[in-house]
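Enquirer: Starting off with a structure, shown below.
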Amino acid sequence: MALRSHPAPFGKDQFAKVPDGVVPMSAIDRQSCAVCHDQHEFHQPNVVQGHSCSVCHVEHQGLAMVAPEDVQCAHCHDHADVMQQSSAKGRGIGSERFDPPVQAGLIAFRTPRPPGGRTNLIASFGQGHPDFGVRAGGLKDPDTLKFNHALHLSGTVRLGGNPLGCVDCHVPDATGSYMARIRYDQHCAACHDLQFDPVHPELKLPHGEVAAVRAKLRGLPLLYAEIKTKELVAAGSPPRRDEVDAFAQQNVARMRQTFGGGESLEKLVFFTGDPRQAQLGISAERRAHYAGCAYCHEVLPDTASLAKVTRPVIPDRWLLGGRFTHAKHGQMSCVGCHAVHESRTTSDINLPSQASCAGCHKPGGSARSECTSCHTYHLLRSR
């Protein structure tokens with residue numbers, strides 16, 4: 001059927017004979033190709049004129065179509081007039097139309113579309129390709145979680161006696177393509193233990209809900225009573241109510257003397273920052289023996305529940321404009337692509353640059369550099 005299309009599908013040599021004016025989609029394309037391949041858009045919304053399918057595709061050979069070559073992409077993307085027309089057309093189209101679809105449930109970091117659109121003149125990945133949008137324009141990660149890569153990888157932070165490494169927190173997902181989400185219980189709790197009573201370190205605060213933390217702090221008498229009861233049972237002694245109550249009252253009094261009672265203790269738990277720093281207005285013996293919620297999180301006053309902890313928002317996907325898989329980069333060092341040893345703030349976007357990728361992805365290099373290595377021409381119909 002594609003043999004009836006124009007131009008005939010004989011590869012890039014035939015394509016090279018096509019005049020500068022694009023060969024438009026024909027009735028043959030719509031009736032014979034698009035009727036089956038209806039799950040995709042043709043291309044970006046600012047395409048000035050849709051090409052005939054056979055300009056880029058050779059008819060089915062085996063189970064798959066032959067992938068277009070760079071010369072076919074460059075026919076538009078390295079053509080100034082075509083890119084100028086595309087840029088002009090794109091100005092009248094909402095930026096959301098250009099957003100690549102993201103799987104439901106995943107968090108994506110979306111970069112703003114440049115005023116002129118993504119219409120740079122590009123001959124190949126190594127010639128004209130701009131830096132990735134996620135790195136351009138001084139963009140920052142808006143996440144409010146306080147994290148310091150440089151500190152965690154300095155050797156001073158240790159896990160099981162060994163210096164902390166990238167793989168202690170960043171673990172591939174089930175597919176091996178991306179990294180699984182960071183979770184407090186799996187990746188943080190081993191070092192950031194939520195103990196709040198130095199005398200009874202088995203007492204730990206719950207993580208994640210303000211209401212649950214307040215309930216635990218307000219139930220201290222019952223918690224201490226439970227500790228004493230377990231202690232007596234383990235020793236083979238029947239727990240006596242007066243003995244248990246006395247133990248609970250003694251420990252509650254100690255906590256009040258050290259930290260202040262009721263709301264004072266709650267304020268320390270929620271609003272304490274760095275425990276190594278003196279807290280103004282609080283004597284040395286009453287300073288927190290633990291890092292409070294504000295050590296890692298943004299905590300705001302809230303009249304209804306005393307405190308409101310801003311939840312971290314960590315994107316699952318950063319580079320939306322192209323395909324990527326960690327599975328094919330497993331032989332590389334993490335810091336070879338992610339320069340995190342000097343990163344001291346959460347706002348740093350520690351993704352590799354286009355130039356660093358082009359060090360391997362180049363003609364004669366150790367990795368493919370064709371446009372189709374990373375980019376998909378047709379967009380899924382999911383908007």
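Just so you know, all these numbers are worked out from the coordinates, no wet-lab data involved. What you see is a predicted model; the values in this text were computed from it and never measured. Cβ atoms come from the backbone with ideal geometry, glycine included; neighbour counts cover every protein chain shown.
Enquirer: May I ask for log10 I(q)/I(0) of the stretch 210-284 at q = 0.22, 0.28 Å⁻¹, from a Debye sum over the Cα atoms as equal point scatterers with solvent left out?
Expert: -0.98, -1.24
Enquirer: If I build a Gaussian network model for the chain, linking alpha-carbon pairs within less than 10 angstrom, which residue out of Ser154, Ser366, Ser343 has the largest mean-square fluctuation?
Expert: Comparing Ser154, Ser366, Ser343 in the GNM, the peak value goes to Ser366.
Enquirer: Continuing with this model, one more query. Build a GNM of the chain with springs between Cα atoms under 10 Å: which of Asp348, Asp242, Asp302 gets the top mean-square fluctuation?
Expert: Asp242
Enquirer: Which value in deg cm²/dmol, rounded to the nearest 500, describes the helix-derived mean residue ellipticity at 222 nm for the chain, given -39,500 (n - 2.57) per DSSP H run of n ≥ 4 and division by the residue count? Mind dumping the intermediate values first?
Expert: Details: 11 runs with 93 residues, N = 383.
After summing the helix terms and dividing by residue count, I get -6500 deg cm²/dmol.
Enquirer: Mind checking which of Ala174, Ala123, Ala74 has the largest fluctuation in a GNM of the chain, springs on alpha carbons under 10 Å?
Expert: Highest fluctuation of the listed residues: Ala174.
Enquirer: To the nearest Å, what is the center-to-center distance of the stretch 211-241 and the stretch 125-184, using C-alpha atoms only?
Expert: 41 Å
Enquirer: For Rg/Rh (Cα atoms, Kirkwood Rh), the listed values are [x] 1.04; [y] 1.06; [z] 1.14; which was obtained by calculation from the structure presented?
Expert: Computing Rg/Rh (Cα atoms, Kirkwood Rh) and matching it to [x] 1.04; [y] 1.06; [z] 1.14 gives [z].
Enquirer: Please compute the net charge surrounding Ser87, taking Lys and Arg as +1 and Asp and Glu as -1 over other residues with Cβ under 14 Å from its Cβ.
Expert: Its environment carries a net charge of +3.
Enquirer: How would Val35, Val48 line up from fewest to most surrounding beta-carbon atoms within 10 angstrom?
Expert: Val35, Val48
Enquirer: What is the set of long-range amide H partners of Met179 at a cut-off below 5 Å, with H atoms built 1.01 Å from backbone N?
Expert: Asp173
Enquirer: Whole-Hz ³J(HN,Hα) for each residue in the stretch 131-137, computed from phi via Karplus 6.51 cos²θ - 1.76 cosθ + 1.60 with θ = phi - 60°, x for glycine and proline: what do you get?
Expert: Listing the rounded values in order: 5, 5, x, 5, 9, 7, x Hz.
Enquirer: Same structure again: Quick one: which residues, 5+ away or cross-chain, put their amide H under 5 Å from the amide H of Asp78? H built at 1.01 Å from N.
Expert: Amide H neighbours of Asp78: Ile122.
Enquirer: Which pairs break 28 Å Cα to Cα here: Lys146/Lys362; Lys89/Lys328; Lys204/Lys308; Lys140/Lys216? Could you put the intermediate results ahead of the total?
Expert: On the way: Lys146/Lys362 37 Å; Lys89/Lys328 37 Å; Lys204/Lys308 20 Å; Lys140/Lys216 36 Å.
With Cα atoms farther than 28 Å apart: Lys146/Lys362; Lys89/Lys328; Lys140/Lys216.
Enquirer: Further question on the same structure: Of all DSSP beta bridges located in the chain, what percent are antiparallel, nearest 5?
Expert: About 80 percent, rounded to the nearest 5.
Enquirer: Same structure again: Got a sec? How would Met332, Met65, Met25, Met83 order by Cβ neighbour count within 10 Å, fewest to most?
Expert: Met332, Met65, Met25, Met83
Enquirer: Further, regarding this structure: Can I get the semi-axes of the stretch 293-362's equivalent ellipsoid? Compute them from the C-alpha gyration tensor as square roots of 5 times the eigenvalues, in angstrom, largest first. All intermediate terms of the calculation are to be shown ahead of the outcome.
Expert: Values: eigenvalues 258, 38, 20 Å².
One finds semi-axes of 36, 14, 10 Å for the stretch 293-362.
Enquirer: Okay, next question. Once amide H atoms are built 1.01 Å from N in the peptide plane, which residues 5 or more positions from Ala367, or in another chain, come under 5 Å H to H?
Expert: Under 5 Å from the amide H of Ala367 lie the amide H atoms of Lys362, each far enough along the sequence or on another chain.
Enquirer: Turning to a different aspect of this structure: Give me a comma-separated list of calculated 3J(HN,Hα) values for the stretch 249-262, in order, Karplus coefficients 6.51, -1.76, 1.60 applied at θ = phi - 60°, integers in Hz, x for any Gly or Pro.
Expert: Per residue, the Karplus-derived 3J(HN,Hα) values read 5, 4, 6, 5, 5, 4, 5, 5, 5, 7, 10, x, x, x Hz.
Enquirer: Tell me, what HN-Hα J-couplings in whole Hz come from the Karplus equation 6.51 cos²θ - 1.76 cosθ + 1.60 at θ = phi - 60° for each residue of the stretch 225-237, using x for Gly and Pro?
Expert: Ordered by residue, 3J(HN,Hα) equals 4, 5, 4, 5, 4, 4, 5, 5, 4, 5, 8, x, 9 Hz.
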